[in-house]
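Written out below as structure tokens is the structure these notes cover.
Just so it is clear, none of the values below were taken in a lab; they were calculated from the coordinates. Small disclaimer: the values here were computed from a predicted structure and weren't measured. Glycine gets a Cβ as well: all are built from the backbone with ideal geometry, and neighbour counts include every protein chain shown.
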Protein chains: 2
Amino acid sequence: MGRPRTPLLDRRRIGAAALRLADENGALTIPALARALGVAPSALYHHVSGRDEIISLMREELVLTTGAGQGAHVWSQPWEQALDSWARSYLSAFAAHPGAVPLLATAPLAEPFMHAMYERAAELLLTAGFAEDQVMPLINALENFILGSALDLVAPPVMVSAVARETAPHLSAVLDHTPADRSRATNAFDVGLRALLTGFRDLLRG
Amino acid sequence: MGRPRTPLLDRRRIGAAALRLADENGALTIPALARALGVAPSALYHHVSGRDEIISLMREELVLTTGAGQGAHVWSQPWEQALDSWARSYLSAFAAHPGAVPLLATAPLAEPFMHAMYERAAELLLTAGFAEDQVMPLINALENFILGSALDLVAPPVMVSAVARETAPHLSAVLDHTPADRSRATNAFDVGLRALLTGFRDLLRG
């Protein structure tokens, strides 16, 4: 018989299953992950040291399947275009796994491949003239906007519904000018991203 | 004996329990909510018509316990201060229940008290000179930033950790200037909020 050509468990499979599970349930536990993979929890520990490493594998899977923010071409652009491209690729990646957003957003980033991405961002923003104490708040703020926007992208196209025109005339008027499809959320992302970048540029002048 | 002074179940109790449950589990099911309240699922249906109404009660509970965005004083200020106050109260409300953020962010807003809040925001922004098709994207973008920031507020103070100075010198330099406590996340919120408002003001001139 020999060994199976594909090992039953490998780190890539663990990351993919964990991402799927967190996306579906909004949570991740080792027993649930073992069940989803059809193995005993102890088998998981032959491959990973624990929960933190599983979350790293989820991030790796997200980056491998979406290429989010990793391309050298992203960071070779002027800073505003670079942040714009990065934000858009990051948004697609998270919008593909919205249930995993809270977990990924709150687990420390210790992965060298994530550090490499932040290193490029930090170098670009320092070179652009931002102060050392401005760079991380600026990156964090942009990330927070992207995470919230990813949740909005999977929300219903019509989020404010059943509005009474008599009691809410201004709201009704602006809703008449709001698309009732996915472009509601993409418009909001575009408007917010442009506003953030304008505000960041303003910091450089200040 | 007579009737118990406090009814076993009322809408306020249902909303509070649902909010707690969603916050803890990142998810909400009717059976789990009934279990948490110590009643049969059928008893719940004497008070609410279903899941959507439960989510409305969660929003109501959030507003009742935090006052988020409801005060008339918020909306009587000039638009930039009003959005600033609103964003800060909204952030505190969501940061108190981060696990419920994905659920609340993706359930349609059909509640009259939420419509009353959006009506005030829409009136203020239209009066300030924003176009009818700019108002909802702008409000949505701000909300998305707040939702992401609420998740960031409950993330560990040090989010980027174990960075190697040799391979990531720029990242290390900016991390040296990043606080290692809760002010990391509040700084990011302040920087992002200011940038967004600057960008919105720029739209008025455009």
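Just a few scattered comments:
- Taking label points 7 Å from Cα along the Cα-to-Cβ direction, A:S76 and A:V39 give a separation of 3.9 nm.
- Label spacing, shortest first and in nm, from B:H47 to its equivalents in the remaining copies (7 angstrom along Cα→Cβ): 4.4
- When B:D176 is represented by a point 7 angstrom out along its Cα-to-C-beta vector, the spacings to that point in the other copies are 5.9 nm, nearest first.
- Shown here for the stretch B:14-101: chymotrypsin sites (Phe, Trp or Tyr not before Pro) in loop regions (DSSP other than H, G, I, E, B) with at most 14 other Cβ atoms within 10 Å, namely B:Y45.
- Equivalent ellipsoid dimensions for the protein assembly as shown as semi-axes, Å, which come from the Cα gyration tensor, largest first: 35, 32, 18
- Amide H contacts under 5 Å for B:L109, placed H, 5+ residues apart: A:V160, A:S161
- Lys/Arg +1, Asp/Glu -1 at C-beta; chain A dipole; positive extreme among A:L125, A:N187, A:A34: A:A34
- Distances from B:P31 to itself in the other copies, using label points 7 Å out along the Cα-Cβ axis, amount to 1.6 nm in increasing order.
- Dipole magnitude for the stretch B:69-205: about 280 debye, using +1 per Lys or Arg Cβ and -1 per Asp or Glu Cβ, origin at the Cα centre.
- Calculated diffusion of the stretch A:69-205, Stokes-Einstein form, Kirkwood radius summed over Cα pairs, 20 °C and 1.002 mPa s, µm²/s: 129
- Only Lys, Arg, Asp and Glu carry charge here, each on its Cβ (+1 for the first two, -1 for the last two); on that basis the protein assembly as shown has a dipole of about 1140 debye about its Cα centre.
- Two-site FRET efficiency, A:D133 against B:R11, from Cβ-Cβ distance with R₀ of 51 Å, rounded to 0.05: 0.60
- Exposure rule at most 15 other beta-carbon atoms within 10 Å, DSSP loop trypsin sites (Lys or Arg not before Pro): chain A longest free segment: A:6-164
- Difference of contour (0.36 nm per residue) and Cα-Cα distance, B:S49 to B:F113: 21.2 nm
- Label positions at A:L204 and B:S183, each projected 7 Å from the Cα along the C-beta direction, are separated by 2.8 nm.
- Ranked from largest, the principal axis spans of the Cα set of the stretch A:1-66 equal 40, 26, 21 Å.
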